[in-house]
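Student: Input: one structure, supplied below.
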Amino acid sequence: MKSNQRWIIPILILLALSIYINLPNHPGIHLGNFHKEIKTQLGLDLVGGVQALLEADLPEDAEISQENLQTARGIIEDRVNGLGVSEAVVQIAGDRRILVELPGQQDPDQALSTIKETALLEFVDFGDLSVQEASILYNTKIKTDYQTSAVEDPSTSSPNEPVFHTVITGASIKQVGVTTDAIGNPLVIFEMTPEGSIIFSEFTAANIGSMLAIVLDKEVISTPRIEDAITGGQGSISGNFTIESANDLAIQLRYGSLPIPLKVVQTQTIGPTLGEDSLNKSLIAGIIGMVVVMVFMALYYRLPGLVADLALLMYALVTFAVYRWIPVTLTLPGIAGFILTLGVAVDANVLIFERMKEELRRGRTIQQAISLGWERAWPSIRDSNLSTLITSAILYWFGSTFGASIVKGFSLTLAIGVLVSLFTAVTATRVFLHLLLDKIKAEDRPELFGV
Amino acid sequence: MECNKEPMLNIVKHRYLYFFISLVVILPGIAALLFWGLPTGIDFTGGSLLEIKFESALPSSENVLEILTEFGFPDAKIQTAGDDKLIIRTKTMSEGAEASILAEIESRFKTNVVLDRFESVGPSIGKEVAQRAAGAVGLAALGILAYITYAFRGVDHAFRYGAAAIMAMLHDVILVLGVESILGHFLGWEADALFLTALLTVIGFSVHDSIVVFDRIRENERLHRQLDYETLVNHSIVQTLDRSINTQLTVMLTLLTLVLFGGNTIRHFVIILLIGVFSGTYSSIFNAAPILVVWENKEWKTWFKRTPV
């Protein structure tokens, strides 16, 4: 059968690729400019951690621009990275929510306060740096001796990096406004608290001629030279501002750097032991479930059953590889979805084999029965699987709108399962079966087919 | 004609018996839904949930409630889970409240505790989730109805197939909701996002099964034009029965392993799936296909007359 032989190479390539992707401790794929990390993403319910759903704290009919939501997402991502959590996920969910997932994080309150913290403004002493040296640092991140609550991420700090002294922080700022200078350049003006103004005037008086840096969330946004002692608690920040960017900065200083106010509407914390326990149990359940199904198929359908078992193993390999490639975050319901799709994959084979048996009973040859079995079972396999795909698409939409990653993960695994099983249970099983039939003279041994 | 040689199990003939069985199974659930309602979890109502593991013996619920009352949660519901865990449900906590409550529990009972799970859902989002969930189910039903009508466009009355599949699906949805209501009342189960996932999966599988039977009707209708519709439908059910039972068996086996070995977190989810998937197979064989016959004969015209059907 030519059409079957044509499939052997693609099937072998797919298998080889899947096995390659499934290799433990995968180094990732690096081809020229193409880089891809490959690993099994485990959900919070399996590794433990904190999940929070943030919602724009604005009236429900208020229009929220995707751009602002994106910016907020980026800022939150920067902040949670400061928590030292690896693989933090910050995602936009629907049109007014942001989902934050911090695997391994155990203290929900620390996580939330980090997420919600306002922008940290610092006036930093650049000491005897020259104008040129200071301008190099413009727009870059620097280190200061003012510690935030966030835990330092040791991987990004190098010991040689200079640590600058913070004179005062945004906590000493009372009021912020925007104005323009004599030649029309926008300025951000501020007023300090009494304590702040004392510290600041002493510092500026002692360091006339030195460089000062204005630093927002550790990023240098302005490097003025101290021309004179600044007394009276009034100051201004000049930079290459437009009216808009000056306004943005003023708003950040006043309300924190998020472009939209956010409130926490949902949190979830899973302890590490609970997660580990769930992971082990679901793995065991998955293996047992698969073995039980395979034994059943082999006993009931004999030779084709064994072939279906082979296809089922291939199904598991390919599906797992797809999970690792996309990557799909595996959650408990996701694993349940996977185990369930084992049933779906087998159903396609059951449909085909039942048709084959019917045709055999009607006296067809085995070759004919196989062709007819596939041909006649196909419409029901196609239609039933398409309806499952419709359901999983709707579930996926529902899950993404609410940051319900549990529902989303489940629907994704269901959909992938349906698609992969269409290939392994329909095409691969047929190819394997024909290959086997060429090797053994099955024509006179219908008992191999359970007839 | 080979169809005469098949063992003629007559399912369609006894269709009203099977409808009656469905009714008997579903009615208690409907009653439970009417009297007790569907117990919804914090995913839909908003609220907080703490799952606390104790290193020493569990304190009594009254003593824990005392602490919660001090923190402003006199309505807290406290459940034990296993022999070392408490599950506490309250209205939505403000941030940081759970840490203070844990600290108080540790000092009052002189023990170490671990917060295994903490979930908090704002009341407004819970309501929105519930509304959208109902929307998702409705949308899924419409999508499936449209697809089946399209896929069966070659047969007479294609719309009936979609409608019959949806009716069988509603049978399963109502059964699952009813079971949840009953179990919620007696075992304290709550419908959460996972329950919704299970429900939607049941919908998918129910329609899956109906389509397999319908597909056979579609095929047989082309092959045996001379057969009357009732015989045709029954014949199709019998022909797909082996497949239905075997697929049902494999899915049941996998779900059973999940119930036995899958751990506590998803047991509720899997049991609902188990019931729903079983119901889905039953309804596709004994409801969906027979409904087509009822529709074809327009039997409702004789339902309320004295002449026997």
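The values are calculated or read from the model by the stated rules, or taken from the named source; none is laboratory data. Computed from a predicted structure; not experimentally measured. Neighbour counts run over all protein chains shown; Cβ positions are idealised from the backbone, glycine included.
Student: Could you pull out the residue among B:LEU86, B:LEU33, B:LEU38, B:LEU49 that is under 28 Å from A:SER113 (Cα atoms) and either part of a helix (DSSP H, G or I) or touching an Asp or Glu at 6+ places or on another chain (Cβ under 7 Å) (or both)?
Tutor: So the residue among B:LEU86, B:LEU33, B:LEU38, B:LEU49 that is under 28 Å from A:SER113 (Cα atoms) and either part of a helix (DSSP H, G or I) or touching an Asp or Glu at 6+ places or on another chain (Cβ under 7 Å) (or both) is B:LEU49.
Student: Hey, can you tell me all the residues within the range A:87-114 that are more than 14 Å from chain B (Cβ to nearest Cβ) and either within 23 Å of A:TRP397 (Cα to Cα) or touching a Ser or Thr at 6+ places or on another chain (Cβ under 9 Å) (or both)?
Tutor: A:ALA88, A:VAL89, A:VAL90, A:GLN91, A:ILE92, A:PRO103, A:GLY104, listed by residue number.
Student: Name the single residue that is farthest from A:ILE370 (Cα to Cα) among those in the range A:267-312 being in contact with a Ser or Thr (Cβ under 7 Å, 6 or more places away or on another chain) and away from chain B (no Cβ under 13 Å).
Tutor: Filtering the range A:267-312 for residues that are in contact with a Ser or Thr (Cβ under 7 Å, 6 or more places away or on another chain) and away from chain B (no Cβ under 13 Å), the one farthest from A:ILE370 (Cα to Cα) comes out as A:ALA311.
Student: When you look at B:PRO74, is it outside any helix (DSSP H, G or I), more than 14 Å from chain A (Cβ to nearest Cβ) and touching a Phe, Trp or Tyr at 6+ places or on another chain (Cβ under 7 Å), yes or no?
Tutor: Spelling it out, it is not the case that B:PRO74 is outside any helix (DSSP H, G or I), more than 14 Å from chain A (Cβ to nearest Cβ) and touching a Phe, Trp or Tyr at 6+ places or on another chain (Cβ under 7 Å).
Table: residues versus (1) within 8 Å of chain A (Cβ to nearest Cβ); (2) in contact with a His (Cβ under 9 Å, 6 or more places away or on another chain); (3) among the aromatic types (Phe, Trp, Tyr).
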| residue | (1), (2), (3) |
| --- | --- |
| B:ARG218 | yes, no, no |
| B:GLU221 | no, no, no |
| B:ARG225 | no, no, no |
| B:THR231 | no, yes, no |
| B:ILE245 | no, no, no |
| B:THR250 | yes, no, no |
| B:LEU258 | yes, no, no |
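Student: Residues of the range A:344-359 being among the hydrophobic types (A, V, I, L, M, F, W, C) and over 16 Å from A:ARG430 (Cβ atoms), which ones?
Tutor: A:VAL344
Student: Inspect all residues belonging to the range B:162-180 and state whether any of them is within 20 Å of B:ILE26 (Cβ to Cβ), of a type outside the set (D, E, K, R), within 14 Å of chain A (Cβ to nearest Cβ) and outside any helix (DSSP H, G or I). So that I can check it myself, show each step before the final result.
Tutor: Keep residues of the range B:162-180 that are within 20 Å of B:ILE26 (Cβ to Cβ), which gives B:163-180.
Narrowing the set further to residues that are of a type outside the set (D, E, K, R) leaves B:163-171, B:173-179.
Now drop any that are not within 14 Å of chain A (Cβ to nearest Cβ), which leaves B:164-166, B:168-169, B:173.
Keeping just the survivors that are outside any helix (DSSP H, G or I) gives none.
Within the range B:162-180 (the criterion being within 20 Å of B:ILE26 (Cβ to Cβ), of a type outside the set (D, E, K, R), within 14 Å of chain A (Cβ to nearest Cβ) and outside any helix (DSSP H, G or I)), the answer is no, since none of the residues qualifies.
Student: Can you spot a residue in the range B:259-270 that is under 28 Å from B:ALA191 (Cα atoms) and of a type in the set (Lys, Arg)?
Tutor: Looking for residues that are under 28 Å from B:ALA191 (Cα atoms) and of a type in the set (Lys, Arg), one finds at least one in the range B:259-270, hence yes.
Here's the yes/no breakdown for (1) crowded, with 24+ Cβ neighbours inside 10 Å; (2) within 21 Å of B:ILE211 (Cβ to Cβ); (3) facing chain B (nearest Cβ under 9 Å):
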position: A:ARG361; (1), (2), (3): no, no, yes
position: A:GLN368; (1), (2), (3): no, no, no
position: A:SER371; (1), (2), (3): no, no, no
position: A:ARG376; (1), (2), (3): no, yes, yes
position: A:SER380; (1), (2), (3): yes, yes, yes
position: A:LEU386; (1), (2), (3): no, yes, yes
position: A:ILE390; (1), (2), (3): no, yes, yes
position: A:ALA393; (1), (2), (3): no, yes, yes
position: A:THR401; (1), (2), (3): no, no, yes
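Student: Kindly indicate the residue of the range A:268-312 that is without any contact (Cβ under 8 Å) to a residue 12 or more places away in the chain and in contact with a Phe, Trp or Tyr (Cβ under 7 Å, 6 or more places away or on another chain) and also surrounded by the fewest Cβ atoms within 10 Å (Cβ to Cβ) among those meeting that condition.
Tutor: A:ILE284
Student: Related question: For the range A:72-112, give me each residue that is in a helix (DSSP H, G or I), in contact (Cβ under 8 Å) with a residue 60 or more places away in the chain and under 24 Å from B:GLU128 (Cβ atoms).
Tutor: A:ALA72, A:ILE76, A:PRO108, A:ALA111, A:LEU112
Student: Only one of (1) free of Cβ contacts under 8 Å to residues at least 60 places away in the same chain; (2) surrounded by 13 or more Cβ atoms within 10 Å (Cβ to Cβ); (3) not β-branched (Val, Ile, Thr) fails for B:ALA81. Which number is that?
Tutor: All conditions are met except number (1).
Student: Looking for something hydrophobic (A, V, I, L, M, F, W, C) and either loosely packed, with under 13 Cβ neighbours inside 10 Å or under 18 Å from B:ASP43 (Cα atoms) (or both) - is there at least one such residue anywhere in the range B:62-74?
Tutor: no
The rows are residues; the columns are (1) of a type in the set (A, V, I, L, M); (2) more than 10 Å from chain A (Cβ to nearest Cβ); (3) closer than 24 Å to B:ASP43 by Cβ.
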{"position": "B:ALA81", "(1), (2), (3)": "yes, yes, yes"}
{"position": "B:THR90", "(1), (2), (3)": "no, yes, yes"}
{"position": "B:GLU95", "(1), (2), (3)": "no, no, yes"}
{"position": "B:GLU106", "(1), (2), (3)": "no, yes, no"}
{"position": "B:SER120", "(1), (2), (3)": "no, no, yes"}
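Student: Of all the strands (runs of 3 or more DSSP E) wholly in the range A:157-196, which have at least 3 residues that are within 27 Å of A:ILE243 (Cα to Cα)?
Tutor: Output list reads A:173-180, A:186-192.
Student: Something else now. Within the range B:159-176, track down each residue that is within 14 Å of the chain's Cα centre (by Cα), buried (at least 19 other Cβ atoms within 10 Å of the Cβ) and either farther than 16 Å from A:ILE394 by Cβ or polar (S, T, N, Q) (or both).
Tutor: Across the range B:159-176, the qualifying residues are B:ALA168, B:HIS171, B:ASP172, B:LEU175, B:VAL176.
Student: Could you figure out which of (1) touching a Lys or Arg at 6+ places or on another chain (Cβ under 6 Å); (2) surrounded by fewer than 16 Cβ atoms within 10 Å (Cβ to Cβ); (3) closer than 23 Å to A:ASP217 by Cβ isn't true of A:GLU55?
Tutor: In the conditions (1) touching a Lys or Arg at 6+ places or on another chain (Cβ under 6 Å); (2) surrounded by fewer than 16 Cβ atoms within 10 Å (Cβ to Cβ); (3) closer than 23 Å to A:ASP217 by Cβ, A:GLU55 misses (2) alone.
Quick grid of which residues meet (1) over 19 Å from the mean Cα position of the chain (by Cα); (2) at pLDDT below 85; (3) under 18 Å from B:GLU104 (Cβ atoms):
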site	(1), (2), (3)
B:PRO7	yes, yes, no
B:ASN10	yes, no, no
B:ARG15	yes, no, no
B:PRO28	no, no, no
B:LEU38	no, no, no
B:ASP43	no, yes, no
B:LYS53	yes, no, yes
B:LEU68	yes, no, yes
B:ALA81	yes, yes, no
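Student: Just to verify a result, which residue in the range B:212-257, among those that are farther than 20 Å from B:ARG160 by Cα and among the charged types (D, E, K, R), is surrounded by the most Cβ atoms within 10 Å (Cβ to Cβ)?
Tutor: Restricting to residues being farther than 20 Å from B:ARG160 by Cα and among the charged types (D, E, K, R), the top hit is B:ARG243.
Student: Among the candidates B:LEU241, B:LEU232, B:LEU249, which residue alone is in the same structural domain as B:VAL155 (by TED's automatic domain parsing) and farther than 22 Å from B:LYS13 by Cβ?
Tutor: Of the residues listed, the single one that is in the same structural domain as B:VAL155 (by TED's automatic domain parsing) and farther than 22 Å from B:LYS13 by Cβ is B:LEU249.
Student: Can you tell me which condition A:ILE13 does not meet? The list is (1) surrounded by 13 or more Cβ atoms within 10 Å (Cβ to Cβ); (2) free of Cβ contacts under 8 Å to residues at least 60 places away in the same chain; (3) of a type in the set (Val, Ile, Thr), and all the others hold.
Tutor: Tallying (1) surrounded by 13 or more Cβ atoms within 10 Å (Cβ to Cβ); (2) free of Cβ contacts under 8 Å to residues at least 60 places away in the same chain; (3) of a type in the set (Val, Ile, Thr), A:ILE13 fails exactly one: (1).
Student: Out of the range A:259-318, which residues are touching a helix residue (DSSP H, G or I) at 6+ places or on another chain (Cβ under 8 Å) and acidic (Asp, Glu)?
Tutor: A:GLU276, A:ASP309
Student: Whether any residue in the range A:108-121 is out of contact with any Gly (no Cβ under 9 Å at 6 or more places or on another chain), at pLDDT below 75 and either within 30 Å of A:THR204 (Cβ to Cβ) or of a type in the set (A, V, I, L, M) (or both) is what I want to check.
Tutor: no
Student: Same structure, new question: Can you find even one residue in the range B:146-158 that is crowded, with 18+ Cβ neighbours inside 10 Å, under 21 Å from the mean Cα position of the chain (by Cα) and not assigned by TED's automatic domain parsing to the domain that holds B:LEU86?
Tutor: No - not one qualifying residue is present in the range B:146-158.
Student: From A:TYR323, A:TYR315, grab the single residue that is buried (at least 21 other Cβ atoms within 10 Å of the Cβ), touching a strand residue (DSSP E or B) at 6+ places or on another chain (Cβ under 9 Å) and more than 9 Å from every other protein chain (Cβ to nearest Cβ).
Tutor: A:TYR323
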